[in-house]
Every structure is written in structure tokens, then in C-alpha cells.
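Everything below concerns the one structure shown next.
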Amino acid sequence: PSTQVVDRNLKLQRFERAQMPSYWLVDPKRLVLSVYELAGDRYQHIAEVAADEEWTAEQPFPVTIRPGTLRD
């Protein structure tokens, strides 16, 4: 739980300040992907992808991902 707080707050803010074009978070228990993309100087939450859904990113490179396949 403490790393989720760091990932969703501190890291997100630092990556945003560093102007990283994309920031992805995967909830390891629910296998849900949260996607943020830089719009100007702020991140916009652009996608919330459930375990059984498929999502295709264009940034930072084209890739299709299904969070439910991200297992240990």
C-alpha cells in the first residue's frame, strides 16, 4: 500500500516535472492499468484499462496491452 501512495503521488509529480511524455501504473492486485500523458506541463489521465480489456498506446511507442496478462 505505501508504494501505491508513492507511485500515484510522488513519482507522478516528479515525472510530470521532468516532462516524461507518459506515465503508466499497474495495480498488481486488480491488474488494472492507469495511463497518464503529458498535455502541456500537466499529466492528463487518459485511460483506465481493466484486466480483461485491451488498450493500444501510441506514446511512447505503439503497443497493445491487456493488463490481465501481466502476471508474475
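The values are calculated or read from the model by the stated rules, or taken from the named source; none is laboratory data. The model shown is predicted, which means the values in this text are computed figures rather than measured ones. Cβ sites come from the backbone with ideal geometry, for glycine too, and all protein chains shown count toward neighbours. Side chains are part of the model used for accessible areas, which takes the heavy atoms of the whole protein and leaves out ligands, DNA and RNA. Shrake-Rupley method; radii C 1.70, N 1.55, O 1.52, S 1.80 Å.
Results, tabulated for the structure shown:
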{"quantity": "Per DSSP, loop trypsin sites (Lys or Arg not before Pro) in the chain with at most 16 further Cβ within 10 Å", "calculated": "29, 30, 71"}
{"quantity": "The chain: GluC sites (Glu not before Pro) in DSSP loop, at most 12 other beta carbons within 10 Å", "calculated": "54, 58"}
{"quantity": "Sum of side-chain charges, residue 16 neighbourhood, beta-carbon under 10 Å (Lys, Arg +1; Asp, Glu -1)", "calculated": "+3"}
{"quantity": "Inter-site label distance for residue 10 and residue 53 at 7 Å from Cα along Cβ, in nm", "calculated": "2.9"}
{"quantity": "Extension reserve of the residue 46-residue 3 stretch, reckoned as 0.36 nm per residue once the Cα distance is removed", "calculated": "13.3 nm"}
{"quantity": "Relative contact order (%) - criterion: Cα under 8 Å, at least six apart; region: the chain", "calculated": "22"}
{"quantity": "Where the chain is the region considered: accessible area per residue in Å², 1.4 Å probe", "calculated": "71"}
{"quantity": "Fraction of accessible area attributable to carbon and sulfur, the chain (%, probe 1.4 Å)", "calculated": "52"}
{"quantity": "Residue 23 - accessible surface, heavy atoms, 1.4 Å probe, Å² rounded to 10", "calculated": "10"}
